[in-house]
1. Looking at the range 328-337 only, could you name the residues that are of a type outside the set (A, V, I, L, M) and either crowded, with 23+ Cβ neighbours inside 10 Å or in a strand (DSSP E or B) (or both)?
2. Can you give me the number of residues within the range 290-327 that are touching a residue at least 40 places away in the same chain (Cβ under 8 Å), part of a loop (DSSP other than H, G, I, E, B) and either in contact with a Pro (Cβ under 8 Å, 6 or more places away or on another chain) or farther than 17 Å from L45 by Cβ (or both)?
3. Could you give every pair whose Cβ atoms fall below 8 Å, whose first residue belongs to the range 216-235 and is more than 14 Å from S277 (Cβ to Cβ) and among the charged types (D, E, K, R), and whose second residue is open to solvent by 20 Å² or more (accessible area, probe 1.4 Å) and part of a loop (DSSP other than H, G, I, E, B), counting only separations of at least 6 or pairs across chains?
4. Being more than 20 Å from the chain's Cα centre (by Cα) and either part of a strand (DSSP E or B) or not polar (S, T, N, Q) (or both): is that true of P269 here?
5. Might you let me know whether the range 105-122 holds any residue that is β-branched (V, I, T), over 19 Å from P342 (Cβ atoms), open to solvent by 20 Å² or more (accessible area, probe 1.4 Å) and assigned to a strand (DSSP E or B)?
6. Do any strands (runs of 3 or more DSSP E) lying entirely in the range 169-247 carry at least 1 residues that are open to solvent by 20 Å² or more (accessible area, probe 1.4 Å) and farther than 16 Å from G145 by Cβ, and which ones are they?
7. With (1) assigned to a loop (DSSP other than H, G, I, E, B); (2) surrounded by fewer than 21 Cβ atoms within 10 Å (Cβ to Cβ) as the list, and V64 as the residue in question, which single condition is left unmet?
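The values are calculated or read from the model by the stated rules, or taken from the named source; none is laboratory data. Treat the numbers as computed from the prediction; the structure is a model and nothing was measured. Here the Cβ positions follow ideal geometry from the backbone for every residue, glycine too, while neighbour counts run over all protein chains shown. SASA here: full protein model, heavy atoms, side chains in, ligands and nucleic acids out. Shrake-Rupley method; radii C 1.70, N 1.55, O 1.52, S 1.80 Å.
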Amino acid sequence: MARRLLVAALAVAMAFMAILTPAAADTASWQHVPVPAQVRPQAALNEAVALGPDLAWAVGVDAVGRQAPGFPLVLRWDGTAWQRHSLAGIGWQGELLSTAATSPTDVWAVGRDSAGGARLLRFDGTGWQESRPPRDVALTKVVTGGGETWLIGSRGGAQVLLRRDGQGWRELPVPPGAVYGLHVLAADDVWAAGATDSGAAVSHWNGQEWQQTVVDGFPRSAMGSVLAVSPTEVWAGGTGGFIGGPPGRPIPPLLVRWDGQSWSRVTVPTDFGSISSLAPDTSGGLAWVAVARSQKWGPPGGAPLVSGPDFLAWDGPSFTEYGEPAVAGEGDSSMLRLAPVPGTATVWSVGRADGPEGTFAPRVLRFG
C-alpha cells in the first residue's frame, strides 16, 4: 500500500511539473509583446516607465515617412495588452523622446515638434496635457527618483539641467562636457553619465557642486546610463571608442563600476555594441544590461562578426546572456531601453527594430 501511494504521489508530481514547465520556460526568456494594431507603419518607441504589473507607459513616434516628421505616440499597458492612449488636444507633429513618473498621477514626457521646439507633457491620472517647457531649452530627457523630477536639455548648444521646484523649473550647474543619463536618488544625491573631451565621464552632485571623474580616457568613449546602488556601488554603461578606421567600424561596449574608492572596467560577454540601458532589481542592485547592436568576433574561417547577446542578466559574480526573440518580418532591435516593473522580477524593453527596405518598426519585449 505504501509503495502504491508513493508511486501515485510521484505521478501526480511529475504531471504537475509537466504543466508548469512550459510556463517556466516562457518566463526564462525574452518574449515579444505586440503593439496595438492602430499603430501605423514606421513607428518607434524611445522609452518606457512601469509603475506596476498593470500600468506602464511607452512613448515614441508614429507614421514617420521619408518626408513626414510623424506624430507623438503614447502607449499604455493595462496588465493585459498595450493600448494606444489618446492625446486629445495635442495636434502637433513630432516625437516624444523620454518618459518618467513619480506616481500614477504624475507622469512626464518630453519631446520635440517638427520645428524643433521643445514639448513637455504631463499625465495627472486623467489625461495628458501640455505643460509649459523651460524657455529656450531643447529637451531630450526626463528623469525621476527620490521624489525628484529633472530635465536634460540644451540651449544654444550648451548643456542645461533643470530640477522641478514647486510649480516651476530651476536651472542647476552642469558638469563639464555632455550629460546623457541621470540617476536621481535625492536632491543632493544625483549621478550623471556623459562625456568630455577627455573621454567617458561620470559625475556626482552633492547639492552644491559636481564632482566628475573621467572613467575611460579613450577618445570618443561616452557613458549613456548610470545606476547608483549604494555609496560603494555605482554602475555606468556606454561605448568605448576608436580613432580613425573605416566608416561603420563597430565600437566596443563600455561598462564600469565604482566600489567607493575607484572606477574599474567590467568585462562583458560581447565584443561590440552600445550599452543602452541599465535596470535594477527589486532591491536596487544591478539586474540587467541592454546591449544595442551587440556583436562578437566570429569563429576562425567563418563570418568575421556574429550576433552577440542583447541582454545580460547580472547575478553578482557573472552575466547570463539572452537574445531577443525573432519577430516575423522584422530584423534586430537598433535600440533597447529597459523599464523594470517595481516589486517584481519583470522588466520591459522598448525601442525600434529594423524593417524591410530601410524601414523600422516599434519593438516591445518582456522578461518575466
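1. Within the range 328-337, S333, R337 meet the criteria.
2. Going through the range 290-327 one residue at a time, the tally reaches 2.
3. Every condition considered, the pairs that remain are R220/F242; R220/I243; R220/I251; E233/D259; E233/G260.
4. Numbers: more than 20 Å from the chain's Cα centre (by Cα): no; either part of a strand (DSSP E or B) or not polar (S, T, N, Q) (or both): yes.
So P269 does not fit the description; no.
5. Taking the range 105-122 and keeping what is β-branched (V, I, T), we get 105, 107, 110.
When the remaining residues are screened for being over 19 Å from P342 (Cβ atoms), the result is 110.
In the following step, the residues that additionally are open to solvent by 20 Å² or more (accessible area, probe 1.4 Å) were identified as none.
Within the range 105-122, not a single residue is β-branched (V, I, T), over 19 Å from P342 (Cβ atoms), open to solvent by 20 Å² or more (accessible area, probe 1.4 Å) and assigned to a strand (DSSP E or B).
6. Values: elements: 178-186, 189-196, 199-205, 210-216, 222-230, 233-239.
Ranges flagged: 178-186, 189-196, 210-216, 222-230, 233-239.
7. (2)
Here is a yes/no grid of residues against (1) modelled with pLDDT of 95 or more; (2) among the hydrophobic types (A, V, I, L, M, F, W, C); (3) more than 18 Å from A313 (Cα to Cα); (4) open to solvent by less than 10 Å² (accessible area, probe 1.4 Å):
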| site | (1), (2), (3), (4) |
| --- | --- |
| A339 | yes, yes, no, yes |
| P342 | yes, no, no, no |
| A345 | yes, yes, no, no |
| W348 | yes, yes, no, yes |
| A353 | no, yes, yes, yes |
| P356 | no, no, yes, no |
| F367 | yes, yes, no, no |
